[in-house]
Amino acid sequence: MQKTKVSLGTATPGGGFPLYGGAVAEAVNQTDASLLVEPRNTRGSTENIPLLEAESLDIALVAGEPAYEALMGVGRPRTKLKILAAMYSTPGMFVVRGDSPARSIRDLVGKPIAFGARGSGLVILSRYVLDGLGFDQDKDFQAIYLDHAGDGPAMVLDGRAAALWGGGTGWPGFVAVTQAGGRLLAPDADELERIRAKHPFLKALTVPAGSYPGQNAAVHSVGSWSFILVRPTLDEDIAYRLARALHHAEDALAKRLPQARETTAANTLAAAPSPDLIHPGTLRYLREIGIAE
């Protein structure tokens, strides 16, 4: 049987996107033998968008903030890219060493902070969060931008960075630092209100207690949904088959990766800024299963 090859852009090694992309490719390929999803490392969200627009990739993982800016035309022309599926929600926060004196975001001002890989959507999320608190990421902190997402945890553990910014549940960087006794640090209730007042597209999100080693209480923060985006010319039938395979693989995907529990057909409709931003092939499938009208 001739397989339909689908190239999937992820991000730099050591971050959450390559982990997730690998799990998605495996689950889809096992669910629909006619599809062959092939993950490819990239520099992350901000590179994935132009690669999709240039049709160098078929589908790609894009974090919430750059996806929102591209889909809504914020600071750039509105993209023609469409949503194939919602990935997972990403509440942003910092992790510090267990012996760090920092108890709040204000305590990190002026310190060296690893904000993530240069092309990562997490870096854009941190800019919005800090801007909501009246801080400038590059002026008020010694901002460190990584070549590889996986380099961040070691910098915190050996003291080169006072904190590492990241997001979501099961995020590899947070796992590495919390396993070594690290603590998560997020905006307090008053700060969350201020951030959302300035940037209302950010959603209130929670990381349940026990999501990370030693995390005994729920962590409340803000963030957004990441998406699998599609080049505009991807055939409707291929998008339909991908959406169907993802739906059928929901349980298998959730078992492979905790954060992939949120990759559901229902969440795709709920998380999309509007239904017309969803690819027609996905929409056809969502209508067929009674989720979309």
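The values are calculated or read from the model by the stated rules, or taken from the named source; none is laboratory data. The structure displayed is predicted, hence computed values, not measured ones. Note that we place each Cβ from the backbone using ideal geometry, even for glycine, and neighbour counts take in every protein chain shown. When the accessible area is computed, the model is the full protein with side chains, heavy atoms only, and any ligands, DNA or RNA have been set aside. Shrake-Rupley method; radii C 1.70, N 1.55, O 1.52, S 1.80 Å.
Under the rule of at least 5 residues apart or a separate chain, name every residue whose amide H is placed under 5 Å from the amide H of V222.
Here G92, L205 satisfy the definition.
For the chain, what are the DSSP H helices with axial Cα length of 15 Å or more and mean Kyte-Doolittle hydropathy of at least 1.6?
Span-like helices, by this rule, are absent here.
Can you compute the FRET efficiency between D147 and E288 using 1/(1 + (r/R0)^6), with r the Cβ-Cβ distance and R0 = 35 Å? Round to the nearest 0.05.
0.20
What is the chain's relative contact order, in percent, from Cα pairs under 8 angstrom and six or more apart in sequence?
25
Mean separation of Cα pairs under 8 Å and 6+ residues apart, divided by the residue count of the range 69-132: what relative contact order is that in percent? Walk me through the numbers on the way to the answer.
Working: 26 pairs, mean separation 10.4, N = 64.
Computed over the range 69-132, the figure is 16 percent.
Between beta-carbons, use under 15 Å as the cut-off and find the net charge around R284, counting Lys and Arg +1, Asp and Glu -1.
-2
Using the Cα centre as the reference, give the magnitude of the dipole from point charges on the C-beta atoms of the chain (Lys, Arg: +1; Asp, Glu: -1; all else neutral), rounded to the nearest 20 debye.
Working: 29 positive and 31 negative charges, 21 e Å.
Dipole size: approximately 100 debye.
With every protein chain left in place, what is the accessible area per residue of the chain in square angstrom, probe 1.4 Å?
Value returned for the chain: 42 Å² of accessible area per residue.
Just from its helices, what would the mean residue ellipticity at 222 nm be for the chain, if runs of 4 or more DSSP H residues each count -39500 (n - 2.57) and the sum is divided by every residue, rounded to the nearest 500 deg cm²/dmol?
-10500 deg cm²/dmol
Suppose we keep just the DSSP beta bridges with both residues in the chain; what percent of those would be antiparallel, to 5?
Among the beta bridges of the chain, antiparallel pairing accounts for roughly 60 percent.
So, counting K/R as plus one and D/E as minus one, what does the shell of residues with Cβ under 15 Å around M1 add up to?
Every neighbour counted, the sum reads +2.
With the cut-off at 25 Å, tell me which of the pairs K3/K82; K82/K139; K5/K80; K111/K203; K82/K203 have Cα atoms farther apart than that. Don't skip to the answer; put the middle values down first.
Numbers: K3/K82 23 Å; K82/K139 35 Å; K5/K80 22 Å; K111/K203 27 Å; K82/K203 21 Å.
Violating the 25 Å Cα-Cα cut-off are K82/K139; K111/K203.
Average the reciprocal distances over every distinct pair of alpha-carbons in the range 57-145, invert the result, and give the Kirkwood radius in Å.
14.9
On a 1.4 Å probe surface of the protein chains, which of Y68, Y128 comes out largest in accessible area, and what is the full order? Mind showing how you got there, number by number?
Details: Y68 70, Y128 40 Å².
Ranked list, largest accessible area first: Y68, Y128.
Could you point to the residue in A67, G98, A114 farthest towards the positive end of the chain's charge dipole, with +1 and -1 charges on the Cβ of Lys/Arg and Asp/Glu respectively?
Result: G98, furthest along the dipole toward the positive end.
Out of every Cα pair in the range 69-227, what percent are spaced more than 28 Å from each other?
Tail of the P(r) past 28 Å holds 16 percent of the pairs.
Could you order peptides 220-226, 72-78, 23-29, 3-9 by the average number of other Cβ atoms within 10 Å of their residues, highest first?
On the way: 220-226: 24.6, 72-78: 10.6, 23-29: 21.6, 3-9: 18.3.
Packing proxy ranking, top to bottom: 220-226, 23-29, 3-9, 72-78.
For T233 and D138, FRET efficiency with R0 = 45 Å and r from the beta-carbon atoms, rounded to 0.05?
Result of the calculation: an efficiency of 0.75.
Would you kindly state how much longer the chain becomes between K80 and S104 on full extension, computed as 0.36 nm times their sequence separation minus their alpha carbon distance, in nm to one decimal?
4.6 nm is the gain from fully extending K80 to S104.
For every other residue with a beta carbon closer than 10 angstrom to the beta carbon of N29, add +1 if it is Lys or Arg and -1 if Asp or Glu, then tell me the sum.
Within the 10 Å Cβ shell, the charges total -2.
May I ask you to give the percent of accessible area on the range 2-54 that is carbon plus sulfur, with a probe radius of 1.4 Å? Don't skip to the end; give the middle numbers.
Numbers: 1130 of 2170 Å².
Exposed carbon and sulfur together represent 52 percent of the surface.
Students often check this: by mean Cβ neighbours within 10 Å, which of 131-139, 88-96, 44-52 ranks highest, and how do the rest follow?
88-96, 44-52, 131-139
Leaving out ligands, DNA and RNA, and with a 1.4 Å probe, what % of the accessible surface on the range 196-293 is carbon or sulfur?
Within the range 196-293, the accessible surface is 52 percent carbon and sulfur.
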